[in-house]
1. Checking Gly96 against (1) of a type outside the set (A, V, I, L, M, F, W, C); (2) assigned to a helix (DSSP H, G or I); (3) under 23 Å from Leu8 (Cβ atoms); (4) within 17 Å of the chain's Cα centre (by Cα): exactly one of these is not met. Which one?
2. Among the residues of the stretch 169-184, is any outside any helix (DSSP H, G or I), out of contact with any strand residue (DSSP E or B) (no Cβ under 6 Å at 6 or more places or on another chain) and either closer than 18 Å to Gly74 by Cα or not acidic (Asp, Glu) (or both)?
3. Among (1) under 16 Å from the mean Cα position of the chain (by Cα); (2) crowded, with 22+ Cβ neighbours inside 10 Å, which single condition is Leu8 missing?
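What follows is calculated from the coordinates using simple rules that are stated; it is not laboratory data. Please read these numbers as outputs of a predicted model, since none were measured by experiment. Please note: Cβ atoms are built from the backbone with ideal geometry, for glycine as well, and neighbour counts cover all protein chains shown.
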Amino acid sequence: MHISEGILSTQMLAAGWAVAGVGVAVGLKKLDTDKIARVAFFSSAFFLASLVNVRIGPSSTHLSLIAPLGLVLGWSAFPAVMIALLLQALLLQFGGLLVLGANTVNIALPALIVYLLFGSHIRSSDGKVASVLGFLSGFLAVVLCAVGVAFFLGMTDANFMGIAGVIFAAHLPLAVVEGLITMFLVAFLKRISPDILMGVER
């Protein structure tokens, strides 16, 4: 999910920073300041979950918890993801500073999309339906992340399309795993602490 430094064109780097900048600005504006600790928790969870990277050409794949991040944080997934990726770049040399914008978009945008598509339905549904929607959101989030990586690579150089296809295929098993994790997490939260699924936005 991380795109390595020195891969993307200047235009794609700029596009990544532009979209990420808008997302972070909106996320911070919508954030309920009383729930900053919740954002910090999910940012830390994402940081820890993605520590084990498997290299795939100019990118990598790893557990990410994109859907839970999005379902709980909404737009605030953007600043949460950017902070985690920044720390990974500085401390662990994952990704890089120049590609921070693009990598933020590849993870936070799918998180936001599943929030918009499934968030309200999960909150209003009973446990079983919410669990199914949780699986779908987890699966879709990873697929969208892989599509984002492929898009950035393909728009940089058409020769990367072969690698992009390999990256997409490699993310499919991970999508199933993330779907199952999200399904169980949603079921657990619906039973134990449904208020967490109400989000962090004003």
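1. So the condition that Gly96 fails would be (2).
2. Scanning the stretch 169-184, I find no residue that is outside any helix (DSSP H, G or I), out of contact with any strand residue (DSSP E or B) (no Cβ under 6 Å at 6 or more places or on another chain) and either closer than 18 Å to Gly74 by Cα or not acidic (Asp, Glu) (or both), so the answer is no.
3. (1)
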